[in-house]
Amino acid sequence: MKKALIHDWYYVDGGAEKVIKSFNSVWDDFDHYALVDFLNEDDRKTILNGKTVSTSFIQNLPTSRKGHQKFLQLFPIAIEQFDLKEYDLILSSSASVAKGVLTNQDQLHICYCHSPIRYAWDLYHQYLKESGLDKGLKGKYAKYVLHKIRMWDIMSVNRVDHFIANSNYIARRIKKIYGRESTVIYPPVDTQLFTLNKNKEDYYFTASRMVPYKKMELIIRAFNGMPNKKLIVAGHGPEFSKLNKIAKQNIEFLGFVSEKEIINHLQNAKAFVYAAEEDFGIVPVEAQACGTPIICYAKGGLLETVINGETGVHFYQQTEKAIQNSIEIFERMDFDADVIRKNALRFSTYRFENEIKSFVEKKYMEFKR
């Protein structure tokens with residue numbers, strides 16, 4: 001069985017790349033494809049076992065290294081240029097256009113869908129507003145491009161034989177947008193690396209890319225209103241300077257930190273705070289693997305991973321007051337670190353790799369009958 005693995009792009013070691021790492025642990029003979037590949041060598045070894053990636057023409061466009069996203073209008077034609085006719089199995093890892101590769105009737109295409117294209121569908125209006133593209137000439141062009149992307153996205157749905165969703169939340173989105181059923185296989189969480197620590201310190205912790213939809217500003221402003229509570233913040237991104245400026249003295253910014261430092265803070269924090277609506281949300285599960293309770297927005301994938309009152313506290317509005325109230329509730333409660341870790345074990349890497357191997361090989365055997 002000759003296999004190809006298509007990922008949207010490689011430029012960071014994020015949640016989707018943890019899935020890629022597990023794919024490569026299950027099968028070590030993929031040929032790799034992506035729109036662009038800007039990984040450093042350390043990340044390449046971790047994610048791809050040092051293998052090279054065949055990239056599209058976008059890789060060589062001016063300024064693509066600084067921001068390949070600006071070439072969105074070219075993504076569909078770029079992904080369609082890959083000639084995959086020699087492969088028996090195509091596995092795509094898609095939150096954008098990877099699912100749109102061209103295949104034929106003799107090839108099995110399975111898509112692990114992190115989400116249909118969020119900025120073209122459910123985050124469309126929010127994306128335009130936050131990017132300053134909700135009006136004016138540039139706004140009209142952006143709306144036109146996203147309209148065309150939506151048309152292509154629907155047109156390319158039937159290029160996929162089987163969809164795998166990363167949560168029930170995403171399975172519902174796939175059904176709504178694509179009209180297709182999917183099988184839920186939760187992403188892998190390294191519960192052997194993120195280990196239990198019952199001795200918590202007196203601070204809250206949050207970590208994320210600092211982009212608008214992650215709602216880091218909301219958490220910062222909530223803790224600005226609670227000057228007696230310490231918050232440690234890890235992560236970097238376009239909003240880093242802005243958030244650093246508005247934060248009060250009880251908030252400490254770490255910037256980009258190593259995985260070892262992330263683990264240390266997840267293990268020692270009294271709680272992990274998260275305000276985004278996530279498709280799945282790997283970091284909150286990593287925190288639970290450390291025995292750390294979660295204070296989170298009760299929508300999306302976190303409703304499937306955080307048990308209210310048992311492994312964390314839910315809040316139901318994305319407001320400063322809702323976060324503050326949930327922290328007050330949290331501080332009146334007792335949590336069992338062993339119970340919290342046990343919940344996280346449901347999402348282990350071992351479980352993911354067994355489930356994905358079984359699913360793909362079963363579908364391939366059925367396909368070849």
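Residues that are surrounded by fewer than 23 Cβ atoms within 10 Å (Cβ to Cβ) and not hydrophobic (A, V, I, L, M, F, W, C): list the helices (runs of 4 or more DSSP H) wholly contained in the stretch 261-362 that include at least 2 such residues.
Output list reads 320-331, 337-344.
If the condition is being surrounded by fewer than 19 Cβ atoms within 10 Å (Cβ to Cβ) and of a type in the set (D, E, K, R), then the stretch 78-103 contributes 80, 83, 85, 86, 88. Looking only at the stretch 230-254, residues that are basic (Lys, Arg) and surrounded by 18 or more Cβ atoms within 10 Å (Cβ to Cβ) come to 1 in all.
Residues in the stretch 310-344 that are under 23 Å from residue 195 (Cβ atoms) and out of contact with any strand residue (DSSP E or B) (no Cβ under 9 Å at 6 or more places or on another chain): 310, 334, 336, 337, 338, 339, 341, 342, 343. Taking the criterion of being at negative phi and either in the same structural domain as residue 123 (by TED's automatic domain parsing) or within 24 Å of the chain's Cα centre (by Cα) (or both), the residues of the stretch 223-243 that qualify are 231, 232, 233, 234, 236, 238, 239, 240, 241, 242, 243.
The rows are residues; the columns are (1) free of Cβ contacts under 8 Å to residues at least 24 places away in the same chain; (2) of a type in the set (Val, Ile, Thr); (3) over 28 Å from residue 240 (Cα atoms); (4) outside the structural domain of residue 20 (by TED's automatic domain parsing).
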| position | (1), (2), (3), (4) |
| --- | --- |
| 132 | yes, no, no, no |
| 135 | yes, no, no, no |
| 141 | yes, no, yes, no |
| 156 | no, no, yes, no |
| 169 | no, no, yes, no |
| 176 | yes, no, yes, no |
| 196 | no, no, yes, yes |
| 212 | no, no, no, yes |
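Quick check, is residue 223 of a type in the set (Phe, Trp, Tyr), in a helix (DSSP H, G or I) and either at pLDDT 95 or above or closer than 27 Å to residue 350 by Cβ (or both)? So residue 223 fits the description; yes.
Only one of the numbered conditions (1) surrounded by fewer than 21 Cβ atoms within 10 Å (Cβ to Cβ); (2) within 23 Å of residue 278 (Cβ to Cβ); (3) aliphatic (A, V, I, L, M); (4) at pLDDT below 95 is violated by residue 117, and that is (1).
The values are calculated or read from the model by the stated rules, or taken from the named source; none is laboratory data. Not measured: the values here are computed from a predicted model. Note that we place each Cβ from the backbone using ideal geometry, even for glycine, and neighbour counts take in every protein chain shown.
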